[in-house]
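Taking it in order: structure first as structure tokens, then the write-up.
The values are calculated or read from the model by the stated rules, or taken from the named source; none is laboratory data. What you see is a predicted model; the values in this text were computed from it and never measured. Here the Cβ positions follow ideal geometry from the backbone for every residue, glycine too, while neighbour counts run over all protein chains shown. Surface areas here come from the heavy atoms of the whole protein model, side chains and all, with no ligands, DNA or RNA. Shrake-Rupley method; radii C 1.70, N 1.55, O 1.52, S 1.80 Å.
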2 protein chains.
Amino acid sequence: MSHTSTPPAPAAAAVAAPSPDAYGIGARFSLHPMTDSFIDVILGALDAADSTGLTISTDDVSTHVRGREDRILAYLTEAIAHAGRSGVHTVAHVLLSRGCPGEVACEIADGGAYAPQVPQILRNVPATGIHASAHWALYPLDDEGTDHMAGIYAAIDHAKQLGVFTGSEHYVTRLDGDLADVLGAVVAGWLLVGTDVRHVTTHVTVSLNSPSGQAGAR
Amino acid sequence: MSHTSTPPAPAAAAVAAPSPDAYGIGARFSLHPMTDSFIDVILGALDAADSTGLTISTDDVSTHVRGREDRILAYLTEAIAHAGRSGVHTVAHVLLSRGCPGEVACEIADGGAYAPQVPQILRNVPATGIHASAHWALYPLDDEGTDHMAGIYAAIDHAKQLGVFTGSEHYVTRLDGDLADVLGAVVAGWLLVGTDVRHVTTHVTVSLNSPSGQAGAR
């Protein structure tokens, strides 16, 4: 009797969702509109996005967003899309982290890995109509005993299914497509690895309205 | 007889330096001057920095720099400082990677960890006179069997010795100081972890001439 063709039960289904504060689920992001009126574009973008359910704090380098994954994805998509609609060449840098409630040098708390199911997270984010080009890196941390490459390959396959995977570069994967799909692929990859690895971070640099991109043969 | 106060011999001293291509030593960075004339500032910065010994390629999202660590540090410092001297609020995002020659999903090649000695890397980068504020993350990857936290603590202690450590935030360490010291701390941390862990990446968001920072009490 062989069960090798039976997919394993999803690990996440058996674990109650921890609170974002307890598990350390959040984002840091910064928005760089390349215009003399950058302050208006940044404040307008932060103001336009729905922050329901999120705790947001901004300093002079970046903005920290703490909350549930679906709310983080919706907020980032709305804020960055709003900046993109100005028509200004704008770059956003997003860091997502889970599994480490505190600082960069935190010791990982005991306990299993948890991540919500990807379709539940992506279902409520409509297309923005804004084209984005991105460089994406995904990091399983302190992953002793897990096959972390399996999660990374699943994340890249998922980006291909979403139609936004456009190539592999040194240290990063390139994504192109509607901003909502690009950010959706990044969040989904973070969760796919996070199903088995407790502490996972991901970084993405997202470029909108680039004069280089518009001039190219894309 | 106790030797607990004797520092261990540096592991790097026994290993021949691999080529940057073979080991995968490089940077990806992007420069975001928040001005209508951003193209002039970016091209001026890339042109002003000495690229001797480096292989540089630019696309519409970021610039890839391959070469020796001391040359990468000098190049990034010169390019970002040049943009900062425009007086424009400018943000740079830098990703450094070592130990993974190929793509984000590379399998780590066999072989030991290597990193050059930190003082040799930092000695040739003079102060820029440009103040930088930064958020820094440091990632040991595929670190099974190593005490990766020891490297991270050594990296943070080194940033404190350089006088640029200014706090711990969610997911990042905050650095403030002369741009050369901030980037020096980031490169040094990457190398201190890289002495024991083969694949190490680090990300830093560096802000220059921020109107928020100037308005603050710092």
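Structure notes:
- Verdict on A:Ile156 being within 13 Å of chain B (Cβ to nearest Cβ), hydrophobic (A, V, I, L, M, F, W, C) and out of contact with any Phe, Trp or Tyr (no Cβ under 7 Å at 6 or more places or on another chain): no
- Selection within region A:25-49 - among the acidic types (Asp, Glu) and closer than 15 Å to A:Ala81 by Cβ: A:Asp47
- In region A:175-202, residue nearest to A:Glu69 (Cα to Cα) [restricted to those that are in a strand (DSSP E or B) and open to solvent by 10 Å² or more (accessible area, probe 1.4 Å)]: A:His199
- For the residues B:Val187, B:Val204, the requirement of being among the β-branched types (Val, Ile, Thr) and over 24 Å from A:Leu96 (Cβ atoms) singles out B:Val187.
- Within region A:130-147, tally of residues that are open to solvent by 70 Å² or more (accessible area, probe 1.4 Å) and at pLDDT 95 or above: 1
- Scanning region B:155-174 for residues that are part of a loop (DSSP other than H, G, I, E, B) and of a type in the set (A, V, I, L, M, F, W, C) yields B:Leu162, B:Val164, B:Val172.
- Within region A:1-50, if we keep just the residues that are modelled with pLDDT of 95 or more and of a type in the set (Phe, Trp, Tyr), the residue that is farthest from A:Tyr75 (Cα to Cα) turns out to be A:Phe38.
- Search result, residues across region B:31-63 that are at the interface with chain A (Cβ under 7 Å from one of its Cβ atoms) and buried (at least 21 other Cβ atoms within 10 Å of the Cβ): B:His32, B:Pro33, B:Met34, B:Phe38, B:Val61, B:Ser62
- Condition met for B:Ala109 (at pLDDT below 95, part of a loop (DSSP other than H, G, I, E, B), more than 23 Å from A:Leu95 (Cβ to Cβ) and of a type in the set (A, V, I, L, M, F, W, C)): yes
- Any hit, region A:94-104, residues being more than 18 Å from B:Thr173 (Cβ to Cβ), over 15 Å from the mean Cα position of the chain (by Cα) and open to solvent by 10 Å² or more (accessible area, probe 1.4 Å): no
- Subset of region A:121-144 [more than 10 Å from chain B (Cβ to nearest Cβ), in a loop (DSSP other than H, G, I, E, B) and not polar (S, T, N, Q)]: A:Arg123, A:Val125, A:Pro126, A:Ala127, A:Gly129, A:Ile130
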